[in-house]
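Asks: Mind looking over this structure? Questions follow.
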Amino acid sequence: MLLEVEGFSKRFGRIAALSNVGFHVEAGELLGLIGPNGAGKTTLFECLAGVLPSDSGVLRSGGTVLDAHARRSLLFYVPDGIAPWPHQSVGWVLDYVVGFLGGRGELREETIAQLDLGALLRQTVGTLSKGQRKRVLLAIGLLTAQPALLIDEPFEGLDLRQGREIAAALRAHAARGRTLFLSIHQIGDAARLCDRFVLLSGGKVCGEGTVPELAAMARMPDGELEEVFLALT
C-alpha cells in the first residue's frame, strides 16, 4: 500500500466540501476518483497535495504520517484548466521539468510522441488550445520524478482519438510502476482505464474497490460501473 488517506474534511463556510474522507492507494495502480461536478474531487486533490489546507485529515505512507516536505517528494498534482509559464515554449517547459525539477529525462522524447506534442514544442503555452494545454499538463506530470501523480480530469478538452491516446500513455507509465490517481467525472472513461475506484458524492466516500467489489456492495453482481455508482450514491 502506497498511501492511506484518513479523515479528510474541508468546509467553506457552511458548505462541507469534504466529510471524513478515507481510502487507500496501492503502489503502481490506476485509481479513479469518480463523481459528478461538485462532488469534492478537486478539493480533495488540493488537500492531499497540500495546495489547500484541510480542516482535518492524515496522510500516511508505510504507516508514517507525511509532513508537507514528504508529500512534495511523493506526490505531484496536475490541476485542470491552467496554463503554466504561458510566455514560454512547450519545449522550454518540458526541459524545465526535467532539468530544474529533476524530472525523468529518459522519458522526454517518448512522452512527447505519446502525447503528440512534437509540432507544439516551439509554441508558447499561452497560445495553446484547451486540448493542447491538457496534453502539455499531462506531459509535465509524467516527466516529474515523484512516484505518484494526482491528475485532475485527464480527458477534459480532448476528442475521442486524443482521449484514447492519452489513456494508452497513462497505462504505459503505470506499467512501469508509476501510481496514477485520476479524478474523472465521466464514468465511462474511468471504467475503461482504472483498476480500482473511489466513489465520491457530496464530499463523502460512498464506496471503494474494483467494479466487482463495488457491484457486490450495491447488490448488483452484474452491474456496470455507472449503474453501481448511481446505486451507491
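Asks: Would you check which residues across the stretch 155-194 are farther than 16 Å from E110 by Cβ, outside any helix (DSSP H, G or I) and either of a type in the set (D, E) or in contact (Cβ under 8 Å) with a residue 40 or more places away in the chain (or both) and list them?
Replies: E156, D159, T179, L180, F181, L182, S183, I184, H185, C194
Asks: Oh, and also: For residues that are crowded, with 20+ Cβ neighbours inside 10 Å and not polar (S, T, N, Q), tally how many sit in the stretch 118-139.
Replies: 9
Asks: Could you look through the stretch 205-233, keep only residues that are among the charged types (D, E, K, R) and either surrounded by fewer than 17 Cβ atoms within 10 Å (Cβ to Cβ) or at pLDDT below 95 (or both), and pick out the one that is nearest to the chain's Cα centre (by Cα)?
Replies: Only one residue fits best here, namely E226.
Asks: Could you list, in sequence order, all residues of the stretch 208-233 that are at positive phi and outside any loop (DSSP other than H, G, I, E, B)?
Replies: Selection gives G209 alone.
Asks: Then there is this: Among the residues of the stretch 76-91, write down those that are within 18 Å of P53 (Cα to Cα) and touching a Leu at 6+ places or on another chain (Cβ under 6 Å). Let's see the steps before the verdict.
Replies: Here is the first cut: in the stretch 76-91, the residues within 18 Å of P53 (Cα to Cα) are 76-79.
Correct list: F76, Y77, V78.
Asks: Follow-up. Among the residues of the stretch 156-182, how many are at pLDDT 95 or above and under 24 Å from A17 (Cβ atoms)?
Replies: Here the count works out to 3.
Asks: Hey, among G35, G28, which residue is touching a helix residue (DSSP H, G or I) at 6+ places or on another chain (Cβ under 6 Å) and either of a type in the set (S, T, N, Q) or closer than 25 Å to A190 by Cα (or both)?
Replies: Result: G35 is the single residue among G35, G28 that is touching a helix residue (DSSP H, G or I) at 6+ places or on another chain (Cβ under 6 Å) and either of a type in the set (S, T, N, Q) or closer than 25 Å to A190 by Cα (or both).
The values are calculated or read from the model by the stated rules, or taken from the named source; none is laboratory data. Since we're looking at a predicted model, the values are computed, not measured. Because the Cβ atoms are built from the backbone with ideal geometry, glycine has one as well, and the counts that use them run over all protein chains shown.
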